[in-house]
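Report on the following structure.
The values are calculated or read from the model by the stated rules, or taken from the named source; none is laboratory data. All of these numbers come straight from a predicted model, not from anything done at the bench. Every residue, glycine among them, receives a Cβ derived from its backbone with ideal geometry; neighbour counts consider all protein chains shown. We work out accessible area using only protein heavy atoms, side chains counted, and drop any ligands, DNA or RNA first. Shrake-Rupley method; radii C 1.70, N 1.55, O 1.52, S 1.80 Å.
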Amino acid sequence: MSGGILTSAELRRPGTRRMLLLVHTCVLASLVVAGLGPLLWLFAASLGQTDDVLSDPLGVFGHMTQWQHYVEAFRGVDTARLLGNTLAMAAGSAVVTVVVAISAGYVIAILRPRWAPLLSGGILATIFLPAIVSFVPLYLTVIDLFGTGISLQNSFWGVWLPAGANAFAVLLVTGYLRSIPRELIEAAEIDGAGPLRILWSVVLPLARPILGVVALLAAIGAWKDYLWPSLVLTDPKLRPISVALPQLERTNDLTTFFAILVVSALIPIALFLVFQRPLLASAGLSAGMKD
């Protein structure tokens, strides 16, 4: 192998190839255990008895018989409502993030006004701002919207709107839109299409892959968010499951709580498995994105 640790002649030796196969197998097995091990243990523990989990944590894989814990997860607590609130929070955050990202990206990459570099630089600067720094002013804005006396606390809008201010999503969409051939935009302009028509008929159909990725990232981020929803959604009826987990841990049997954790993790895992190909492709796109 030219440029590698081993030469081509060394790689052709049977002993070297067997050793490489063994190393690759060990590395792959280690990654699988490190990545899936905690999830598999959680699933196995949710099907066991609490005493067995506490006395022999590694022996839970031999006692996976208590499927009623998943029934109790929905019977004893209002898990369905918590999941519904989480789903509403994630879906709204995804929609708002996509709308903001495509609007800003369209202005910067397609319309290109004179102040577009200033706007792009300002958005890029916010990426380097620690999120915790903006929590206090953002919270004060949410509870008194720009001094109007309107409070978004205990409203999903208090979660959706801040989620839309996602600089990474804007830069990701902007980089993608810059790859659209300029000739398509100019041809639409020659045909008499205005900015909104070009956005709807030309840009949006071409940007669907990146918008799907942005929506997925926003939905997963909102699904696992804890700190901001715990500040804004103080009404127990509106809390997502991430905020309610400490209370559920105190009021449920340990294995039933494990079953709730498994259920709460299934949807984001399923979303990642379904959309993993465009998500991983976007990682390469963002790495090569120029701004």
Consider L140 carefully, then state whether it is under 30 Å from L206 (Cα atoms), in a helix (DSSP H, G or I) and open to solvent by 80 Å² or more (accessible area, probe 1.4 Å). no
Can you name the number of the only condition in (1) at pLDDT below 90; (2) closer than 24 Å to R112 by Cα; (3) buried (at least 19 other Cβ atoms within 10 Å of the Cβ) that A165 fails? (3)
Within region 64-104, count every residue that is of a type in the set (D, E) and in contact with a helix residue (DSSP H, G or I) (Cβ under 6 Å, 6 or more places away or on another chain). 1
Find all pairs meeting these conditions: Cβ atoms under 8 angstrom apart; at least six residues apart or on different chains; first residue within region 108-128 and under 15 Å from F168 (Cα atoms); second residue acidic (D, E). S120/D291; L124/D291
Answer with yes or no whether V173 is in a helix (DSSP H, G or I) and either touching a residue at least 60 places away in the same chain (Cβ under 8 Å) or more than 26 Å from K237 (Cα to Cα) (or both). yes
In region 168-198, what count of residues is obtained for those that are open to solvent by 60 Å² or more (accessible area, probe 1.4 Å) and aliphatic (A, V, I, L, M)? 3
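Among the candidates V133, V95, which residue alone is at pLDDT 90 or above, open to solvent by 70 Å² or more (accessible area, probe 1.4 Å), among the β-branched types (V, I, T) and within 24 Å of K224 (Cβ to Cβ)? Explain how you work it out, then say what you get.
Numbers: V133 fails: at pLDDT 90 or above.
The unique qualifying residue is V95.
Grab the helices (runs of 4 or more DSSP H) fully contained in region 202-261, keeping just those with 3 or more residues being under 17 Å from the mean Cα position of the chain (by Cα) and surrounded by fewer than 21 Cβ atoms within 10 Å (Cβ to Cβ). Explain how you work it out, then say what you get.
Numbers: elements: 208-223, 227-232, 241-251.
Qualifying helices (runs of 4 or more DSSP H): 208-223.
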Among (1) over 18 Å from the mean Cα position of the chain (by Cα); (2) open to solvent by 60 Å² or more (accessible area, probe 1.4 Å); (3) more than 25 Å from L196 (Cβ to Cβ) - the single one L118 does not satisfy: (3)
